[in-house]
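Here is the structure we will look at.
The values are calculated or read from the model by the stated rules, or taken from the named source; none is laboratory data. These numbers come from a predicted model, not from an experiment. With ideal geometry, Cβ positions are generated from the backbone for all residues, glycine too; neighbour counts draw on all protein chains shown.
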Amino acid sequence: MKLIKRDLILCIAFTAFVFVCALAWGSPFIGNFAGSSATPGQAQAQPVSAQSSAQSSSVFRGTVVRNGDQFMLRAGDGQVFRLDDTEQAQSFEGKDVTITGSLDLGSRLIHVDRIEPVTV
């Protein structure tokens with residue numbers, strides 16, 4: 001009986017530890033696309049104008065980062081979206097931008113229409 005209690009307590013403690021780690025890690029485990037809680041001043045990669053259709057244009061905010069030959073948009077909350085127009089994105093590498101385009105949520109790819117620097 002003591003072994004069962006000990007194993008149960010260890011299992012609960014391990015589960016609590018994993019849950020706390022998942023909370024600390026953030027968006028890869030806990031999706032918060034619709035309700036981001038980024039601190040003020042951090043860029044967000046959620047649509048500013050939410051549209052019902054995935055193919056309609058939306059506005060996204062974040063920082064353009066490079067991953068090998070690809071460019072991505074990284075939000076303040078850590079979410080990353082691939083950009084399909086490397087030619088436009090290249091000049092904004094490392095800068096906060098506003099991107100107008102459509103999001104393919106399945107592949108986390110933004111089809112870029114326009115990229116503009118964020119004005120303060």
Does region 73-98 hold any residues that are over 13 Å from GLU116 (Cα atoms), surrounded by fewer than 19 Cβ atoms within 10 Å (Cβ to Cβ), among the polar types (S, T, N, Q) and touching a residue at least 24 places away in the same chain (Cβ under 8 Å), and which are they?
-> none
Leading residue by the ranking (nearest to PHE60 (Cα to Cα)) among those in region 101-117 that are modelled with pLDDT under 90 and surrounded by 13 or more Cβ atoms within 10 Å (Cβ to Cβ) | LEU103
